[in-house]
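First up is the structure itself, then whatever we jot down about it.
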Amino acid sequence: MPSVMTKRRAIAILIVALIAMMFLWPASASVRGHLAARIDVARGHYVLLTYGQPVEWLTTYTLLLREKYGVQSRAVAGCTASPWLRSYVDAYDGVMTAAAKRKFGRDIFKESMDQASGVTVNHS
């Protein structure tokens, strides 16, 4: 049977591990975003994460991505996104946009943004 000291040591280790996780979890946001995007791409799921104040043409942009390319758009925060969430989203979207460029042979996000916002697009 474990001694009282062994139980106390186990509890102390658990407490230290939990405290360490509180600091390490936010710091690992970009790594987690990168990994999550790679997993989604490997599964064939193309998703663009967004945060911030939505622009007036966001609905059109989202529809273009979904209908023309099968890319989902998911708002994960409004105007006040934490630095850790922004880090996660930026890393995720970086992997996702690169993968979409490889798959479609061009920047579908810029094309769709230009089309949705009314900017003239030259495809030559």
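Quick notes
- If you filter the stretch 57-97 down to residues that are part of a helix (DSSP H, G or I) and out of contact with any helix residue (DSSP H, G or I) (no Cβ under 9 Å at 6 or more places or on another chain), you find that the one that is farthest from residue 45 (Cα to Cα) is 67.
- Pairs are defined by a Cβ separation below 9 Å, a sequence spacing of at least 6 or placement on different chains, a first member in the stretch 98-116 that is in contact (Cβ under 8 Å) with a residue 40 or more places away in the chain and farther than 16 Å from residue 66 by Cβ, and a second member that is surrounded by 19 or more Cβ atoms within 10 Å (Cβ to Cβ) and of a type outside the set (A, V, I, L, M); the pairs so defined are 99/46.
- Residue that is farthest from residue 31 (Cα to Cα) [pool: residues in the stretch 54-92 that are touching a residue at least 60 places away in the same chain (Cβ under 8 Å) and within 11 Å of the chain's Cα centre (by Cα)]: 90
- Taken as a whole, the stretch 58-70 holds at least one residue that is loosely packed, with under 15 Cβ neighbours inside 10 Å and among the hydroxyl-bearing types (Ser, Thr, Tyr).
- Matching option when the condition is under 22 Å from residue 88 (Cβ atoms) and modelled with pLDDT under 85, among 27, 37: 27
- When restricted to residues that are under 9 Å from the mean Cα position of the chain (by Cα) and not in a helix (DSSP H, G or I), the stretch 28-47 contains 1.
- Residue match in the stretch 15-24 (condition: modelled with pLDDT of 95 or more and either within 30 Å of residue 117 (Cβ to Cβ) or among the aliphatic types (A, V, I, L, M) (or both)): no
The values are calculated or read from the model by the stated rules, or taken from the named source; none is laboratory data. As the structure is a computational prediction, the values presented were derived from the model and not from experiment. When we count neighbours, we look across all protein chains shown, and the Cβ atoms used for this are built from the backbone with ideal geometry, even at glycine.
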